[in-house]
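**Student:** Sharing a structure, written as structure tokens. Questions coming.
The values are calculated or read from the model by the stated rules, or taken from the named source; none is laboratory data. Predicted, not measured: the structure shown is a model, and the values here were computed from it. Note: ideal-geometry Cβ built from the backbone for every residue, glycine included; neighbour counts use all protein chains shown. These accessible areas exclude ligands, DNA and RNA; they are computed on the full protein's heavy atoms, side chains included. Shrake-Rupley method; radii C 1.70, N 1.55, O 1.52, S 1.80 Å.
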Amino acid sequence: MKNTFSSGHAGGEGFGGCFGLIATNTIGQGDTRSTGLRWICNHGGQIYQAQRRFKWPGQAAVVVSVVNVMKGDYAGTRILDNKPVQSITAFLFHRGSHDNPATLKANTGKSFVGSYVLGMGFTFDDTDTKGVANSIAEMHRLIEQNPKNAERIFPYIGGEEINTSPTHAHHRYVINFGDMTEDEARTGWPDLMKLVEEKVKPERMKLKDNSVGRKRAECWWQYGSSAKQLYAAIANLDRVLAIARVGQQGSFTFLSSLMTFSEQLIVFPLRGYDYFAILQS
């Protein structure tokens, strides 16, 4: 941090210093912006110069942002991407607010994050390289042994399948007891509970000793987050719109509603092509 500044730039006697920051080009986005630049701009700081995308001159293939901030009033010309502007916000825009956009109540219940399974021992997946998931052959054996087991085994799909498969085909299955009590799950599906107890419970017991960790350890046969509101919203639909949370492109697709959706998916309880056209556009 530099604690002096030329009089041509600082206005008034309350000038408290300035600093220049070289950061990744996400500095003006998401939580990084909210806990960094937004806080500074709302507590007496001002961004007086910024370049949002600057190709790193070294060998690293990196694009960075360069941001200069001062504490106090600024009387000079602000520069954004080498152009004079009236202001620079925490978003690194030339106008607008520093704060997060207001959440529209009208959009409540129109999109959901999928289930956070929290335990690969719930899954049947022949592509698992860590040896934690169960095999597809084991799934078939359990169903042949007791056809009732099929009631609690569902196709399981995440962002990777949507982003890499042209048909968005799933290759995994998952045990899902929903919000059942331990007695309900153990009485109805003892074979599946035995599997989960052996492969999921030991890992749940290692979770942090806080309220969330204790709850997830206590209810080890349930998902870390079951996304109850999602499945209630799609209960009467034959298909839904979904998009991966992470990816290079934004690609929406229709999926059967009779699946367990990973937390790597955002799911919309919408089935019409009109909604698909609006969202994809």
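**Student:** In segment 32-74, which residue that is hydroxyl-bearing (S, T, Y) and without any contact (Cβ under 8 Å) to a residue 12 or more places away in the chain is most open to solvent (accessible area, probe 1.4 Å)?
**Tutor:** Taking segment 32-74 as the starting set, the residues that turn out to be hydroxyl-bearing (S, T, Y) are 32, 34-35, 48, 65, 74.
After this cut, where a residue has to be without any contact (Cβ under 8 Å) to a residue 12 or more places away in the chain as well, the list is 32, 35.
Details: T32: 66, T35: 112 Å².
Looking at residues that are hydroxyl-bearing (S, T, Y) and without any contact (Cβ under 8 Å) to a residue 12 or more places away in the chain, I get T35.
**Student:** Within segment 179-200, is there a residue that is under 20 Å from A133 (Cα atoms), part of a loop (DSSP other than H, G, I, E, B) and not acidic (D, E)?
**Tutor:** Yes, segment 179-200 contains a residue that is under 20 Å from A133 (Cα atoms), part of a loop (DSSP other than H, G, I, E, B) and not acidic (D, E).
**Student:** Among the numbered criteria (1) small (G, A, S); (2) crowded, with 18+ Cβ neighbours inside 10 Å; (3) more than 21 Å from G114 (Cβ to Cβ), which one does S226 miss?
**Tutor:** The one condition S226 does not meet is (3).
**Student:** So, S87, is that one at pLDDT 90 or above, closer than 30 Å to R38 by Cα, more than 22 Å from the chain's Cα centre (by Cα) and surrounded by fewer than 17 Cβ atoms within 10 Å (Cβ to Cβ) or not? Before the answer, list the steps.
**Tutor:** Working: at pLDDT 90 or above: yes; closer than 30 Å to R38 by Cα: yes; more than 22 Å from the chain's Cα centre (by Cα): yes; surrounded by fewer than 17 Cβ atoms within 10 Å (Cβ to Cβ): yes.
Taking the combined requirement at face value, the residue satisfies it.
**Student:** For segment 240-281, which positions are of a type in the set (A, V, I, L, M, F, W, C), farther than 21 Å from R152 by Cα and either open to solvent by 70 Å² or more (accessible area, probe 1.4 Å) or in a loop (DSSP other than H, G, I, E, B) (or both)?
**Tutor:** Within segment 240-281, V246, F252, L270, I278 meet the criteria.
**Student:** Can you say whether T26 is more than 30 Å from E198 (Cβ to Cβ), assigned to a loop (DSSP other than H, G, I, E, B) and open to solvent by 40 Å² or more (accessible area, probe 1.4 Å), as far as the supplied structure shows? Give the derivation first.
**Tutor:** Working: more than 30 Å from E198 (Cβ to Cβ): yes; assigned to a loop (DSSP other than H, G, I, E, B): yes; open to solvent by 40 Å² or more (accessible area, probe 1.4 Å): yes.
Against the criterion (more than 30 Å from E198 (Cβ to Cβ), assigned to a loop (DSSP other than H, G, I, E, B) and open to solvent by 40 Å² or more (accessible area, probe 1.4 Å)), T26 qualifies.
Matching residues to (1) free of Cβ contacts under 8 Å to residues at least 60 places away in the same chain; (2) open to solvent by less than 20 Å² (accessible area, probe 1.4 Å):
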| position | (1), (2) |
| --- | --- |
| P147 | yes, no |
| Y173 | yes, no |
| N176 | no, no |
| V200 | no, yes |
